[in-house]
Structures are given as structure tokens and as C-alpha cells.
Amino acid sequence: MKFNFILVFGILLIPMVSCNKDESSFYETESNLQIKIMMITDELTTDKSGTEDFHFSGEGTYSGIKLINFENHLYQIQNIKAHAEPVLSLSEIIHDGEFYSLTLQWGYKGAAENEYRMQESIDVLLFEHQVEEGKLIIELDNALVQLINNLDKNPDNSINVILTGTSNFKFNGTANLEIPVIVESKTMNVRFELF
């Protein structure tokens, strides 16, 4: 009887003395925050020499709110950190197509806010870029550090991205902004891979 008591007491004591996970360590999930922007040419201007400039624009959004509806996963997020440099790619570029200007502007708003707080525009053609198989690829280096910092502090914020520019052709393609991030969380969750 005494042996059984010691055995039961020992079994009950195991969870209390077992190795506890360090509270400061989190699960890390590599992810890509992706924003798709549909571009539309909305104006054509012609200068005195007869050169045509096509003006285009597009807008895309990302919302952290989509994580809230799944067992409060949003509140499991501890940090969102930059993982690699963001890439902006524009598809459906015609042969001999040339961009004269291309600016990106982003803004954020909290769940209870109506208006986006837009940040200063970025001339993305100043960054390293190349055209491959009808696609313009621009590596944005550290241009969106503030965006990542904003999401790190407020994972439920909505992000709005506006892309505008001019070109020598009518551009009605798609732009994709891909921002590699690492999500640090209290629990492991594959949803964090699905930004």
C-alpha cells in the first residue's frame, strides 16, 4: 500500500518537476506577406513631340484581422520580423515596354479606424530591377522596414498599398508585393504560413 502511494505521488509529481519550456522562446514560422495589386491604365497624355505617356494605378490591401477569427491566433503572435528583402513584381510587360515612373505608397489603419494613415511615397525604380520573361522584378532592400515594424507592433492592422506610374504602353497587368517575414508565436500554427 505504501509503495502504491509513493508510485502515485511520483507520477503526479512528474509534470511539476519536468523540464519547462523557456517562456522567452517562441515558435518561428517563415512566411510571405503577399499583396496583389490589379493595375489599370486610366489616362493617356501626349507631349508636343507626340510621345505618348500612359498613366496607370492600382491598389491592394492586406488585413491582419483574418487571423483573429481562428481561435484567437492573432494573440499568439509575439513578433513579426523581416526575413529577406521584399520583392515587387509586375507581370504582363510588353516587349520594349518601358516604365518612366513607378511609385509605391503604403498606409495602415487599426481595426476601429476608417482612414488609412498613408506614408511617404517611394520611387521604386531607384532600386535594383530587371525584366525577365515579361515580368519586371524590383528588389526593395530595406524600403518597407517601417511597414514590418508597424505589423510587429500591431498584427491586426490593415495595410493599404497604392502603386502609380507612367509607361510607354498601356499597362493593365498585375503587381505582386511579397514581403518575407518570420512570425514568432507562442504556439505552432500553419495558418501563419498563409498570410
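Using R₀ = 41 Å, calculate the FRET efficiency as 1/(1 + (r/R₀)^6) where r is the Cβ-Cβ separation of D141 and N114; round to 0.05.
0.80
Between Q34 and E133, what is the label-point separation in nm under the 7 Å Cα-to-beta-carbon projection?
1.6 nm
Under 12 Å between alpha carbons, and skipping anything fewer than 8 positions from K186 in its own chain: which aspartates and glutamates qualify?
Straight-distance partners of K186: D22, E23, E28.
Values quoted throughout were computed directly from the atomic coordinates according to the rules given, and no laboratory measurement underlies them. Keep in mind that this is a model prediction, so the values were computed, not measured. Ideal geometry is used to build each Cβ from the backbone, glycine not excepted, and the neighbour counts take in all protein chains shown.
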